[in-house]
Amino acid sequence: MNAIVMNRVCFSYSNGLVLRDVELSVRKGEMIGLIGPNGAGKTTLIRLISGILNARQGEVKLDGLHAGKLKRNALAREVAVVPQQFNIPFAYRVEEVVMLGRTPFMKPFHDSSARDRDVIMQTMDVVGIRRLEGRYFSELSGGERQKVVLAMALAQEPKLLLLDEPTAHLDISHQVEILELLARMNEEGRLTIIAAMHDLNLASAYFRRLILMKEGAIVADGPPERVLTSSTIASAYSVPVHIQPHPLTGVPQVVVLPTGNGHRQETVS
Amino acid sequence: MRIFTGPRRHISIILLLLLVLITCVIVATAVGSVSIPFGDVIKICWNKVTAFDFTPTWRAVDETIVLQIRLPRVIGGALVGAALASAGVLFQGLLRNPMADPYIIGTSAGSALGATVAMLLPVSTAFLGFGMVPVLAFAGALSTVFLVYYLARVGGRTPIVSMLLAGFVVSAMLTALMFLMITISDTLHSRFASVYGFLMGGISVSGWGQIAVAGPIILVGIVVGRLWSFRLNAFALGEEGAAHVGVEVERNKALFLALGSVLTAAAVSISGLIGFVGLVVPHALRLVLGPDHRILIPASALAGAAFLVIADLLARSVASPRELPVGIITALIGAPVFLYLLRRSGKEYSL
């Protein structure tokens, strides 16, 4: 059974068309990198899959069920989201943030079970933030915060994890740490993962399937070798690039070719 | 392991606050123009609510003072404090804004206009022996919230910022209307003391009738708020974030808005506009207990009740026999406490 099937999905915000005829099918256990320039529709695609937005046309099916017709609570037990921006008012401690991931399992008269506590501890161990327990979220570094948000999403015990630029604004050690963690969750936990990525080289190194979007449509879909070619990248991003294999692993790596005259003049003078 | 001492820690906090509240109630019932020994107050209440009776050693008039005059007023104060403080928690949590108070989306202006209209009317009782003022204050507060909610609604959604703005504008308009009425009406001129009393806030409870109506409304409001408090917690993630963890945002926003507004309206109908309780009590408790609404709602209700019982005691005793508006006391105590907390905890809040 497929984890996600999208059939000719169209979506527009009030000010214009954003997604056009998106066809997508994702098998369970896949790990997919979503790439494309700003405004290509990556976040909108994620919002359609997470049920925050409803398709104007076409259908989005999760596990064979219509995403738009599922109850929020049921949906949140299947799909967790790590958003692009995350801020929380008031003085929340790390474990209190992670606890919010248990919301879909809570009911009136039944809002603090032993199982909730176990899952919170487990996910904090998995993500490696147990040592941050008791610290205020607002006092953490960007990398630590991102791990707390990831732990919160994992506390939902989802089958599908959607991440919107999980490595933005992080240093390379935290970028690698987050991606290694996702790869491990994907491998061991059979978690289906879709992550919007800006760093093409990291995307190429960690994702076995890449989806390239441009102007609201999917323009390439496949393994990095097929998606990251100089012609597809040049046309999607309007930037000339050179593609070369990674010296050790052989996956394609993207090298930018500077075009500005200013650059050349500087080196001459 | 702070939260994981969870349930037991919560129960001990609640028991402690309950003890504080009961003590405040006994003290406030005993103290007054005729002072009655604490022991007698306890025994009189005990005789009233249980089958077992102490042999009366007190004057019959003391019993009447306790049961018919002081206790209704003290319980009324406790209910108002509980309602305002828990409404404050609900609004602050829902709006993700530590500066929110129960009056933020127009309940104060709506109820004040309602009360003013009531004072203008030739009849003073509405139904079942209820005064026109509490009934119209209650109705004014609730209809204002409906109006604000309706005005802020765009395409099936009610964005919080639109609601705050609509609340601000509607409040300004209703307040202007109220002052217009006061200015041009001779009747209101002659009843200015009553209008003023409403605006400054004061517990106006005579007998148990009002409490029998407002009490259940307030208690049910607090209990429902506590039962669904785990969803209020999710609102800290923002509306989209709350949806990600399984909360139907618009439906729950309407629920918490309705709860907070009913609590506020019930409080205002007993007491007029008492400020600062709904702002300071949730603030202080959040600093001590953390932002989890599962403990914050019941704790704020109990602490708000105790705070207002003491404030009302001060209001009727510091300048006795003259009675001060209790709103003056809550502001005089509340404002400095608030400023102290703000300076101490500045870094812990981010909008």
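Read-outs: derived from the displayed coordinates by stated rules, not from any lab. Please read all numbers here as calculations on a predicted model, not as lab measurements. Ideal geometry is used to build each Cβ from the backbone, glycine not excepted, and the neighbour counts take in all protein chains shown.
Some notes on this structure:
- Computed [θ] at 222 nm, helices only, for the protein assembly as shown once each DSSP H run of length n ≥ 4 contributes -39500 (n - 2.57): -18000 deg cm²/dmol
- Residues with amide H under 5 Å from that of residue A:53, placed H, sequence gap 5 or more: A:48
- Kyte-Doolittle at least 0.0, axis length at least 18 Å by Cα - qualifying DSSP helices, chain B: B:6-30, B:71-95, B:107-120, B:132-152, B:160-184, B:209-227, B:249-271, B:293-317, B:326-345
- In percent, rounded to a whole number, the relative contact order of region A:2-268 is 23, using alpha-carbon pairs under 8 Å and six or more apart.
- Region B:207-257 versus region A:225-245: alpha-carbon centroid distance in Å: 52
- Selected from A:186, A:73, A:87 as most flexible by GNM, with chain A as the system and alpha-carbon contacts under 10 Å: A:87
- Share, in percent, of DSSP beta bridges within the protein assembly as shown that are antiparallel, nearest 5: 65
- Within chain B, the longest run free of exposed loop sites, counting trypsin sites (Lys or Arg not before Pro) that sit outside DSSP helix and strand states (H, G, I, E, B) and have at most 15 other Cβ atoms within 10 Å, spans B:154-321.
- Residues residue A:255 and residue A:225, FRET efficiency given R0 of 25 Å [Cβ-Cβ distance, rounded to 0.05]: 0.95
- Computed from the C-beta positions of residue B:55 and residue B:184 and an R0 of 41 Å, the FRET efficiency is 0.10 to the nearest 0.05.
- In this rough spin-label picture, where each label sits 7 Å from Cα along the Cβ direction, the residue A:109-residue A:74 distance is 2.3 nm.
- Measure of compaction for region A:120-192 (Cα Rg per 2.2 N^0.38 Å): 1.05
- In terms of its alpha-carbon gyration tensor, region B:3-348 comes out oblate; a/c meets the 1.5 threshold, while b/c is at least as large as a/b.
- Most fluctuating residue given options B:259, B:177, B:90, as computed from a GNM of chain B linking Cα atoms under 10 Å: B:177
- The spread of Cα positions in the protein assembly as shown, taken along each principal axis and listed from longest to shortest, comes to 98, 57, 55 Å.
- Structure note, pairs A:28/A:71; A:28/B:253; A:107/B:48; A:42/A:147; A:42/A:159; A:42/A:69: Cα-Cα distances above 27 angstrom occur for A:28/B:253; A:107/B:48.
- Where trypsin sites (Lys or Arg not before Pro) fall in DSSP loop in region A:168-215, at most 12 other Cβ within 10 Å: A:190
- Relative contact order [Cα under 8 Å, 6+ residues apart], region B:3-348, whole percent: 29
- Spin-label model distance (nm) - residue B:9 vs residue B:288, 7 Å beyond Cα toward Cβ: 1.5
- Long-range HN-HN contacts of residue A:219 with modeled amide H, under 5 Å: A:212, A:213, A:214
- GNM flexibility winner over chain B from B:273, B:16, B:199 (Cα, springs under 10 Å): B:16
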